[in-house]
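First up is the structure itself, then whatever we jot down about it.
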Amino acid sequence: MFLGIDGGGTKTAFLLLDGEGRERASAEGGSSYHPQVGLDGVRAVLEAGIREVLARAGVPVSAVTYGFVGLPAYGEDPNVDPLLATTPRVALPQERFRCGNDMVCSWAGGLGCEDGISVIAGTGSIAYGEYEGRTARAGGWGEVFGDEGSAYWIAREGLGLFSRMSDGRCAPGPLLDLVRLHYDLRQDLDLAGLINDPASAARTALAQLSRLIAAAAAAGDAACLDLYGRAGLELASLVRATRAQLSVPDSVPLAVSYSGGVFSTGALLVEPFGAALATAGTAWRLQAPRFSPVMGAALYAARLAGVRFPADSLARLERDARDGAGT
């Protein structure tokens, strides 16, 4: 059996896949973003989630052949990485798992562990790809000076739009009333105090506000529509940079997939993202993700253990996911 764990800034997903390529159980926990919850918080989330998914499958920990644990911010701090790499030991034997960045989960799920690039636009943003044994990433620099196209970036830029609409630097649109209603503002400037409060300014909490900007765009707010267009450009830039690092010939129609909550807005982001790729002068094959990131983590765990599921098993997994037949 193969255990996949897809960590994130908002939630952490767990999935157990058996040797026949069938989903046995799944579970979900809170954030595993260590700058936000600390190493003890990561350990607690992993321990609870691993125990829950094993209990739901009705199997002991000894049944796990191998696991892959994708964690946000892994590989980005040499002082923290060795500590992060051991966090799953609270529930798994050290020799039965490997830790990596959660970008690998999205790539493995989106493309079924095949060559290509996956871009993530969740709380943060990053792109990761593999081609002929080479690996590369772009983005993922964090919310202070990166994460372009992410939910946090959209929320921050959207709040900036609100401020400009409020004081006349930008034509007013639906966003103005949506933010006023959401925060029950007596006067617009009250928003400054609310957002600057440490609880409101927390990375995950602020990222949730991207939903307001999406709602304003859906209501025809021109400035918010333009913001999603800019997000598509930024995410396409991550993909192009990853491709360049992988040294993929321009003529190769490289597969590109995507994941993360920002892409749940559908055409609002997918269309400008696809259009930005189409103007890059290279060949692309944009496709919806084959599997979820947590399923990707389980498939990657199997690959690390030397197991490659045949095409018919992967096709069945896709049908199960599409039909909601997975456990």
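The values are calculated or read from the model by the stated rules, or taken from the named source; none is laboratory data. In this text, all values refer to a predicted model and were calculated from it rather than measured experimentally. Quick reminder, even Gly has a Cβ in these numbers, built from the backbone with ideal geometry, and neighbours come from all protein chains shown.
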* Structure fact -> Residue hits (the range 27-67; touching a residue at least 40 places away in the same chain (Cβ under 8 Å) and in a loop (DSSP other than H, G, I, E, B)) are 31, 32, 33, 59, 64, 65
* Structure fact -> Residues of the range 298-316 being under 13 Å from residue 21 (Cα atoms) and of a type in the set (A, V, I, L, M), in sequence order, are 298, 299, 301, 302, 307, 311, 314, 315
* Within the set of pairs 6+ apart or on separate chains, which have a first residue in the range 299-319 that is part of a helix (DSSP H, G or I), a second that is hydroxyl-bearing (Ser, Thr, Tyr), and C-beta atoms under 7 Å apart? -> 301/66; 304/66
* Qualifying residues in the range 133-174 (those that are touching a residue at least 60 places away in the same chain (Cβ under 8 Å) and of a type in the set (D, E, K, R)) - the one farthest from residue 254 (Cα to Cα) -> 157
* Filter pass, residue 231 being crowded, with 16+ Cβ neighbours inside 10 Å, at pLDDT 95 or above and either within 26 Å of residue 134 (Cα to Cα) or not assigned by TED's automatic domain parsing to the domain that holds residue 67 (or both) -> yes
* Asked: Looking only at residues in the range 143-198 that are aromatic (Phe, Trp, Tyr), under 25 Å from the mean Cα position of the chain (by Cα) and in a helix (DSSP H, G or I), which one is surrounded by the most Cβ atoms within 10 Å (Cβ to Cβ)?
  -> 152
* To do: Go through the range 191-217 residue by residue and tally those that are among the aliphatic types (A, V, I, L, M), at pLDDT below 75 and over 12 Å from residue 10 (Cβ atoms).
  => 2
* Of the residues that make up the range 249-260, is at least one charged (D, E, K, R) and either within 17 Å of the chain's Cα centre (by Cα) or within 20 Å of residue 119 (Cβ to Cβ) (or both)? -> yes
* Structure fact -> Within the range 76-121, of all residues that are charged (D, E, K, R) and under 21 Å from the mean Cα position of the chain (by Cα), the one surrounded by the most Cβ atoms within 10 Å (Cβ to Cβ) is 102
* Structure fact -> Going through the range 46-63 in order, the residues found to be surrounded by fewer than 21 Cβ atoms within 10 Å (Cβ to Cβ) and among the β-branched types (Val, Ile, Thr) are 59, 61
* To do: With the condition kept exactly as written, say whether any residue in the range 281-292 is part of a helix (DSSP H, G or I) and either touching a Ser or Thr at 6+ places or on another chain (Cβ under 7 Å) or buried (at least 22 other Cβ atoms within 10 Å of the Cβ) (or both).
  => no
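What about residue 125, is it in contact with a Pro (Cβ under 8 Å, 6 or more places away or on another chain) and either farther than 22 Å from residue 219 by Cβ or surrounded by fewer than 24 Cβ atoms within 10 Å (Cβ to Cβ) (or both)? First the steps, then the outcome.
On the way: in contact with a Pro (Cβ under 8 Å, 6 or more places away or on another chain): no; either farther than 22 Å from residue 219 by Cβ or surrounded by fewer than 24 Cβ atoms within 10 Å (Cβ to Cβ) (or both): yes.
Answer is no for this residue.
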* Asked: Could you list, in sequence order, the residues of the range 68-83 that are outside any helix (DSSP H, G or I) and of a type outside the set (Asp, Glu)?
  -> 68, 69, 70, 71, 72, 73, 74, 75, 78, 79, 80
